[in-house]
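So the structure is just underneath, and the comments pick up after that.
Derivation of every value follows stated rules applied to the coordinates shown; laboratory data play no part. Computed from a predicted model, the values in this text were never measured in an experiment. Every residue, glycine as well, gets a Cβ built from its backbone with ideal geometry; the counts of neighbours run over all protein chains shown.
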Amino acid sequence: MYGFEAISHYNGWTMAIAGALIVMSGLTILSFVISQLHRVAGLFEKRPEEPPPEDVPETPAKSFGFPLDDLQEAAAQCSLEAAALGEPFEIKALFEVLKNRGWPAPHLTIRTFRERGILVPAEDGLFSWKK
Amino acid sequence: MTLLLQFLSNTGYFLADYRHIVMILVGCTFIFLSIAKKYEPLLLLPIGFGIIVGNVPFFKGFGLGIYEPNSVLHYLYFGVTSGLYPSIVFLGLGAMTDFSSLLATPKLMILGAAAQMGIYFTLLSALALGFLPREAGAIAIIGGADGPTSIFLTAKLAPHLIGPVAIAAYSYMALIPIIQPPIMRLLTSKEERRIRMPETREVSRKEQLIFPVVGVILCCFLAPASIPLLGPFFFGNLMKVSGVVDRLAQTARSAIIDTATIFLGFTVGASTQADVFLTPKSVGIFFLGAIAFSIATASGVLFAKIMNLFLKQKINPLLGAAGVSAVPGSAREVHLTGLKADPTNYLLMHGMACNASGVIGSALCAGILWSFLL
């Protein structure tokens, strides 16, 4: 037996459609559940105690979200915070500074600076701010 | 003199025919591809050598062949026919897999389901070509692009097809760099291939700990027949992320999976004895396997494009091709194809997320097909 006749005879259509629907619905449900996992995990998180005033870490003058709204202002803030690195500096060092200071998406920020010419290559694989 | 003639008549040189030579050449080709081209060497090398060993002609009845009871090869082959090796491989895979990128981007999991459509299309094609339902189910699972899953399901549904199905599955997995890129390019525009994926968020340890428990419950309750694969898989992952049984996790992802892979590859190769392998059915299986792989890739890419019609944050449709569970080959090809369109677009981590989902999807499909065709 061959062709559509064989498919119908052996319930091929039913198996294929039901199988596809089951695996699709199964993984969709799993996808939905794991999208909510961070909320479930949040329920088990201990609330951090209020830190004493003297322990409050230094925060940037202004926080930036990604994508960067005001690129020039973000670059100015960033260069201030990374001033300790001197110039030229390694991208990795800048990344660490931004990460420690709590910048959102530090590597995307750095990439944007590079693409917009705010960070310019210097010698030996180092970078500096565009003057 | 009689003794000498009798000995000579029992040698492989005397008993060999053209089919043994063909299969030995196939084995040599696999070894060449694994060493010279580095195509899936962990699999093709043991399989290639197993093919050579399995096709050394011998006098039947000596208890030498893999299909002869009480032979050493027969005992080793028990791990294949019982589904033992695939389960052990899944344990190791789970202990290796990092689900954090999938947990950070859950919508990519649906691509792992979409890429399984090749399985069901191939099921219909195999039935149409005259294969019996259980044979069709075994052939269809090649579309999952998962060697251990293919072997597991074939051992359960059509043990006489283990050799051709396994060889087809692993051959096409090794040929991913040749099969997938043209399909991906054909179905996507350059603009689509340039779509950047957002940076993934950091996933907490608690999420990673909850996922394997939730995953095994949801998947195995839905398709209990997938327990032999998904049970060890999620258990291996829990060992990895728990951080309290590092020794066990380390053993599962090294010594245990390596041992199972060696015996799995070698005995599957040895099971391809010329007289049971070189048949018209094998040709049909290879033909359907190619279709299964191509349809799986295409369905993943097309589904990603359909998802983009409804999503605000578009996803790169190339990722759909990584929904087949060939880890990490298909994720690598997606990444490389994306890089060709935009050298600064890195898709590897997102591709691995789809790959991980594909592993779960194909194991789920195996369980579903096994349930249907029991």
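Paramagnetic label reach from B:D258 (point 7 Å along Cα→Cβ; backbone nitrogen cut-off under 19 Å): within region B:232-248, residues B:240, B:246-248. Taking only the alpha carbons of region B:124-273, we obtain Rg and Dmax values of 19.0, 52 Å in that order.
The alpha carbons of region B:1-101 occupy a box of 70, 33, 17 Å along the principal axes, longest dimension given first. The region of chain B that goes longest without hitting one of the trypsin sites (Lys or Arg not before Pro) in a DSSP loop, each with at most 16 other Cβ atoms within 10 Å, is B:61-193.
Take every Cα-Cα pair in chain B and report what % of them are more than 27 Å apart. Looking at chain B, the distances longer than 27 Å represent 48 percent of pairs. Within 10 Å of the Cβ of each residue in B:116-129, the mean number of Cβ atoms contributed by other protein chains is 5. Give the calculated FRET efficiency between B:R205 and B:Y18 to the nearest 0.05, with a Förster radius of 51 Å applied to their Cβ-Cβ distance. Result of the calculation: an efficiency of 0.30.
Starting from the Cα of B:K38, draw a straight line to each of the lysines and keep only those under 26 Å, dropping any in the same chain fewer than 8 residues away. Output for B:K38: B:K340. Taking the centroid of alpha carbons for each part, region A:1-42 and region A:87-131 are 46 Å apart. Between B:L238, B:L218, B:L302, the GNM of chain B built on Cα springs shorter than 10 angstrom shows B:L218 fluctuating the most. From most to least packed by mean Cβ count within 10 Å, the peptides B:3-16, A:114-127 give A:114-127, B:3-16. Applying 1/(1 + (r/R0)^6) with R0 = 41 Å to the Cβ-Cβ distance of B:H160 and A:T14 gives a FRET efficiency near 0.95. Taking the centroid of alpha carbons for each part, region B:282-312 and region B:168-200 are 11 Å apart. Take the Cβ atoms of A:E5 and B:V283, set R0 to 22 Å, and the FRET efficiency comes out at 0.45. Over the residues of chain B, the helix contribution to mean residue ellipticity at 222 nm works out to -22000 deg cm²/dmol, using -39500 (n - 2.57) for each DSSP H run of at least 4. Before anything else, pin down the relative contact order of chain B: Cα pairs under 8 Å, at least 6 apart, normalised by residue count, whole percent. Once divided by the residue count of chain B, the mean separation gives 29 percent. Note on B:D246 and B:I227: the extension gain reaches 4.5 nm, defined as 0.36 nm multiplied by sequence separation minus the Cα-Cα distance. For region B:279-374, the set of chymotrypsin sites (Phe, Trp or Tyr not before Pro) satisfying both a DSSP loop assignment and a count of at most 16 other C-beta atoms within 10 Å is given as B:Y346. Restricted to Cα atoms, the protein assembly as shown shows a radius of gyration and a Dmax of 26.6, 102 angstrom. For the listed residue pairs B:K107/B:K314; A:K99/B:K206; B:K60/B:K156; A:K99/B:K312, the alpha carbons are over 20 angstrom apart in A:K99/B:K206; B:K60/B:K156; A:K99/B:K312. Histogrammed with a bin width of 10 Å, the alpha carbon distances of region B:261-374 distribute as 13, 31, 33, 17, 6, 0 percent, first bin at zero. Distance between the pseudo-spin-label points of A:S35 and A:A84 (7 Å out from Cα toward the beta carbon): 4.1 nm. Segment B:S82..B:D98, full-extension length gain: 2.9 nm, with 0.36 nm per residue of separation and the alpha-carbon distance subtracted.
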